[in-house]
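As structure tokens, the structure follows; a few thoughts come after it.
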2 protein chains.
Amino acid sequence: MGKRVSHKDSLCGVARPLDAIGDWWSLLIVRDAFDGSRRFGEFQRSLGLAKNILSARLRNLVAHGIMDAVPAAEGGPYQEYELTEKGRGLFLVLAALRQWGEDFFFEPDESHVLLVDKKSALPVRRLELRAQDGRILGPSDTVIRRPSNTPEVETPNRQPPPARRRASKSRAQK
Amino acid sequence: MGKRVSHKDSLCGVARPLDAIGDWWSLLIVRDAFDGSRRFGEFQRSLGLAKNILSARLRNLVAHGIMDAVPAAEGGPYQEYELTEKGRGLFLVLAALRQWGEDFFFEPDESHVLLVDKKSALPVRRLELRAQDGRILGPSDTVIRRPSNTPEVETPNRQPPPARRRASKSRAQK
DNA sequence: GGAATGCGGTTTCAGATTGCAACCATAACC
DNA sequence: GGTTATGGTTGCAATCTGAAACCGCATTCC
């Protein structure tokens with residue numbers, strides 16, 4: 001998880017989320033949460049991962065404000081895990097990932113589950129990235145730009161290797 | 001634990017991509033590739049990761065058909081790495097991740113790079129998931145559904161189930 | 001009441017993975 | 001020939017992973 005760079009100031013808008021999510025299990029947990037899982041045991045059965053790993057991942061998700069641990073609704077001694085607003089913000093990330101998976105990881109004739117609109121029961125539309133004027137944008141239609149108040153350097157968002165030769169020791173979850 | 005996962009089978013649609021990507025480094029490499037990086041050294045300097053790890057990740061990306069290793073354009077003895085069609089399909093995943101990052105990982109007054117439309121030089125619109133009729137869909141407006149009467153448990157390359165032992169963890173190599 | 005069971009974890013520990021550093025190979029330069 | 005730059009591989013210590021065992025607390029069963 002916190003495998004690298006605690007150096008948040010130089011982490012770009014892609015790397016910070018990745019740093020927070022930590023690993024793929026976390027995203028699968030979130031996916032399950034969207035699907036209605038709330039309990040430790042539900043996640044564990046659904047994902048089939050070791051309990052200690054699930055425990056660590058849930059702690060990490062809570063620590064990052066992606067999920068909340070709340071007292072069990074039905075009064076038991078247990079707690080439940082629910083997505084925070086921040087966690088629900090991952091909805092589109094998961095949707096994008098799912099669409100990519102559908103495009104490239106299944107044979108044309110291979111059946112797979114679909115994300116459908118509850119109301120119409122029809123599959124959702126494909127995601128599209130659009131410009132302000134509505135044009136659909138592809139990879140080559142966009143560029144990364146630094147905010148105006150930052151020194152030049154345009155196309156890339158490369159950060160010069162900060163001279164940290166060993167600053168990347170994970171600061172584990174806590 | 002060897003039970004047929006219930007409706008959580010959708011895990012496949014998300015888990016397969018995750019399995020292919022391998023880890024977050026891979027996604028950062030892909031992001032850099034979108035930004036124009038092509039050479040081993042470019043990726044290494046930009047990301048600051050160990051060479052052996054970069055080497056393994058690039059091999060993995062190539063093995064999964066996300067990038068291609070091609071002879072260097074300028075005739076040198078080296079090779080360059082470029083995104084395949086499949087790799088370019090990750091564009092929206094990265095865009096979604098970036099927007100999530102912008103929403104939750106930066107202080108309101110904190111400057112960060114933006115994804116802008118080349119033509120207008122304006123930031124792109126937010127991604128939206130829409131139903132066929134155009135309604136914008138949120139997490140609670142959608143549900144995962146099997147496409148048809150799937151005869152439960154068949155597709156041979158389904159892999160979430162019981163034995164996710166060490167061996168399957170070798171996402172990184174080969 | 002008390003044993004058995006289920007749930008929600010933590011601990012243990014061998015083995016897998018990571019990543020720094022050192023090394024190797026080739027090509028271009030001086 | 002010697003030096004530097006690029007593109008890796010190898011060695012190795014430290015870290016992380018995960019199966020299984022264990023623990024504490026309620027609830028259920030007898």
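The values are calculated or read from the model by the stated rules, or taken from the named source; none is laboratory data. Note that the structure is a prediction, hence the values are computed from the model and not measured. Note that each Cβ is placed from the backbone with ideal geometry, even for glycine, and that neighbours are counted across all protein chains shown. Each accessible area value is taken on the protein alone, full model and side chains, heavy atoms only, with ligands, DNA and RNA left out. Shrake-Rupley method; radii C 1.70, N 1.55, O 1.52, S 1.80 Å.
Considering each of B:Ala63, B:Ala56 in turn, give the residue that is among the small types (Gly, Ala, Ser) and open to solvent by less than 30 Å² (accessible area, probe 1.4 Å).
On inspection, the qualifying residue turns out to be B:Ala56.
For residues that are part of a loop (DSSP other than H, G, I, E, B) and either more than 7 Å from every other protein chain (Cβ to nearest Cβ) or surrounded by fewer than 18 Cβ atoms within 10 Å (Cβ to Cβ) (or both), tally how many sit in segment A:131-145.
Result for segment A:131-145: 5.
Mind checking which residues of segment A:50-67 are more than 11 Å from DNA strand D (Cβ to nearest atom) and more than 10 Å from chain B (Cβ to nearest Cβ)?
Residues satisfying the conditions are A:Leu58, A:Arg59, A:Leu61, A:Val62, A:Ala63, A:Met67.
Scan segment B:35-67 for residues that are out of contact with any strand residue (DSSP E or B) (no Cβ under 7 Å at 6 or more places or on another chain) and part of a helix (DSSP H, G or I) and report the count.
Qualifying residue count for the region: 18.
With the structure loaded, tell me whether A:Leu47 is more than 12 Å from the chain's Cα centre (by Cα) and either within 10 Å of DNA strand C (Cβ to nearest atom) or at the interface with another protein chain (Cβ under 9 Å from one of its Cβ atoms) (or both) or whether it fails that test.
When the stated conditions are applied, A:Leu47 passes them.
For segment A:69-127, what are the residues that are facing chain B (nearest Cβ under 7 Å) and among the aromatic types (Phe, Trp, Tyr)?
The answer is A:Phe91, A:Trp100, A:Phe104, A:Phe105.
Quick check on segment A:99-130: of everything there that is of a type in the set (A, V, I, L, M, F, W, C) and more than 21 Å from the chain's Cα centre (by Cα), which residue is most open to solvent (accessible area, probe 1.4 Å)?
Across segment A:99-130, the extreme among qualifying residues is A:Leu122.
Just to verify a result, which residue in segment B:27-44, among those that are hydrophobic (A, V, I, L, M, F, W, C) and more than 8 Å from chain A (Cβ to nearest Cβ), is farthest from DNA strand C (Cβ to nearest atom)?
Looking at the filtered set, the residue picked out is B:Ala33.
Scan segment B:68-84 and report the pairs whose first residue is assigned to a strand (DSSP E or B) and whose second residue is of a type in the set (D, E, K, R) and within 8 Å of DNA strand D (Cβ to nearest atom), with Cβ atoms within less than 6 Å and a gap of 6+ or a chain change.
Going by the 6 Å Cβ cut-off, the qualifying pairs are B:Val70/B:Glu80; B:Glu80/B:Arg39.
Tally time: how many residues in segment A:69-97 are open to solvent by less than 70 Å² (accessible area, probe 1.4 Å) and away from DNA strand C (no atom under 11 Å from the Cβ)?
The qualifying residues number 15.
On the given criteria, is A:Asp19 within 24 Å of B:Ala95 (Cβ to Cβ), open to solvent by 20 Å² or more (accessible area, probe 1.4 Å) and within 13 Å of DNA strand D (Cβ to nearest atom)?
When the stated conditions are applied, A:Asp19 passes them.
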